[in-house]
Ligand SMILES: [Zn+2]
C-alpha cells in the first residue's frame, strides 16, 4: 500500500521532467531558428543594400551619359535646326555658327541686285506710284553660317549674331525662313501690281546677308519704309495671333523713327489681322533688334502668327490663305501712304 503513492509520484515527477525537458528542447530549438532567420535576414538586407548601391551607381552613370549625349546633340542641333523663336526678341535669338559670308558679296554684285530689284517692266499692271518698299524675308537656310557677331546698333558695343535661323512649323514642318520668303515674294508681286517698286533683301534661302546689312541694303536702294516679314514660335502650342514690332521713343539708335514706325506697324498689323481673322496682339516695342536699330527709314517687324500653334501654322502654310495674308499686308502699306 505504501509503494503505490510512491510509484504514482515517481510517474508524475517523470512526466513533469519530460514536459520541462521538452519545453527547454523546443524552446531552444525555436530560439536557434530565430537566430538563424535573423542572420538570413541580415545577409539578405546586406545584399539588397549592395544591389541598391549598384543600381544607384548605374543610374548615375547612365544619367551622365545621357546628359553628355543630349548636350552634344544640342550643340549639333544648334548648327542645323531652328531655335524656337519667342515673341520677345525673336529676330535675334542666339545661335552660334562659324562664318562663311562676306557682306560685300551680296551688296557689290550687280547681278544680285538685279535679281532682288523689281524693274519697271515688271510693274505691267499698274502705273508707278513712286513709292519704294523695302521687304526683308527674315532669316535664311540653316546651312548658311551667320554666327559672326555684329553691333546691335550704330556705335553699340553690344553684339549679336549676324542673323539666326528662326523657328519652324510644328505641324507643317515648314521652316520659318521658307514661309517668310514665300510671303515676301508674293507680297512683292502684289505691291508691284499696285504700282510700288520693291527692294527685297533676299530672293533665295542661301543668301548670307546679316540683319544690319539688310537694313542698310534696303535704305541704300531707296526704300522709304522697311517691312520685315517673320513668324513667331513659342514653347506652348496655345500662343497664337499676330503682332508687330517697332522701336520705342527711347531707343538709343532710332528714337526719331519710333513714331512713324509705330504708325507703319499699326497700319500693317491691323489690316493683316482684319483680313486673316488672326488675333491682334498689338504693336510691341523692342530696342535690341539689330535690323530695326540699323534702319534709317520707318521700320516694322510683322510676326505673322505662331508656327508652334496648329491653327496659325496650318493657315499660314495654305497657299490660298497666303494670298489673303499678303493682301492684308499690302492694304496696310496702302493705308500708310494713303
Ligand atoms: Zn523670325
Those residues of the range 224-238 which are over 22 Å from residue 160 (Cα atoms) and either within 14 Å of the ligand (Cβ to nearest atom) or in contact with a helix residue (DSSP H, G or I) (Cβ under 9 Å, 6 or more places away or on another chain) (or both) amount to 224, 225, 237
If residue 142 meets every condition in (1) within 16 Å of the ligand (Cβ to nearest atom); (2) part of a strand (DSSP E or B); (3) surrounded by fewer than 23 Cβ atoms within 10 Å (Cβ to Cβ) apart from one, which number is that one? (2)
Going through the range 168-182 in order, the residues found to be assigned to a helix (DSSP H, G or I) and either out of contact with any helix residue (DSSP H, G or I) (no Cβ under 9 Å at 6 or more places or on another chain) or surrounded by 24 or more Cβ atoms within 10 Å (Cβ to Cβ) (or both) are 176, 177, 178, 179, 180, 181
Across the range 148-189, the tally of residues that are within 16 Å of the ligand (Cβ to nearest atom), free of Cβ contacts under 8 Å to residues at least 40 places away in the same chain and closer than 21 Å to residue 296 by Cα stands at 0
For residue 214, indicate whether it is at negative phi, in contact with a helix residue (DSSP H, G or I) (Cβ under 8 Å, 6 or more places away or on another chain) and crowded, with 23+ Cβ neighbours inside 10 Å. yes
For residue 221, which of the numbered conditions (1) within 21 Å of residue 290 (Cβ to Cβ); (2) within 16 Å of the ligand (Cβ to nearest atom) fails to hold? (2)
Per the filter on the range 290-308, residues more than 11 Å from the ligand (Cβ to nearest atom), in a strand (DSSP E or B) and either closer than 10 Å to residue 247 by Cα or over 15 Å from the mean Cα position of the chain (by Cα) (or both) are 299, 300
Report whether or not residue 257 is modelled with pLDDT of 95 or more, in a helix (DSSP H, G or I) and on the phi < 0 side of the Ramachandran plot. yes
So which of 313, 323, 331 is buried (at least 19 other Cβ atoms within 10 Å of the Cβ) and either in a strand (DSSP E or B) or more than 16 Å from the ligand (Cβ to nearest atom) (or both)? 331
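The values are calculated or read from the model by the stated rules, or taken from the named source; none is laboratory data. The structure displayed is predicted, hence computed values, not measured ones. No Cβ is skipped: glycine too gets one built from the backbone with ideal geometry, and neighbour counts run over all protein chains shown.
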